[in-house]
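These notes are about the structure you will find just below.
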């Protein structure tokens, strides 16, 4: 996963990239981006970008005894619902990321989220790609 994405900003760097099948999750120094390949041909791709400042919580779950994947969940406020010009209170939308434990340490994802969401100390590191 070492190629230039046209959706990255000029000063944006990929800190980690996790791939599961044809889908990817990119953790940059500014945001989390979900790249979801659709359909059999893979021509349609859905991009979901969440700036870290809009992530208000996260959790991760390690794999169980017979489980081969772990999950990370991110709670965000990027969804804004207005009905009849009246804002409505909604639960925080949740995004799920599953990773295979044989290729990825779920604590690595937890570390990125801790640093970027709580402390914002990771910056301009070298690009690193991890295939799941």
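Using mean Cβ contacts within 10 Å as the protection proxy, how do 98-105, 62-69 order, highest first?
98-105, 62-69
Can you order the peptides 48-57, 21-30 by their average number of other Cβ atoms within 10 Å per residue, highest first?
So the order, starting with the most tightly packed, is 21-30, 48-57.
Set the Förster distance to 25 Å, then compute FRET efficiency between residue 111 and residue 38 from the Cβ-Cβ distance, nearest 0.05.
0.25
Taking the number of other C-beta atoms within 10 Å as the exposure measure, put 77, 33 in order starting with the fewest.
Ordered from fewest to most neighbouring Cβ atoms within 10 Å, 77, 33 come out as 77, 33.
Given 0.36 nm per residue, what is the gain on full extension from residue 10 to residue 118 after removing their alpha carbon distance, in nm? Display every interim value, and only then the final one.
On the way: separation 108, 0.36 × 108 = 38.88 nm, distance 2.40 nm.
Roughly 36.5 nm would be gained on extension.
Just so you know, all these numbers are worked out from the coordinates, no wet-lab data involved. Keep in mind that what you see is a predicted model, and the values were worked out from it rather than measured. We place every Cβ from the backbone using ideal geometry, glycine too, and count neighbours over all the protein chains shown.
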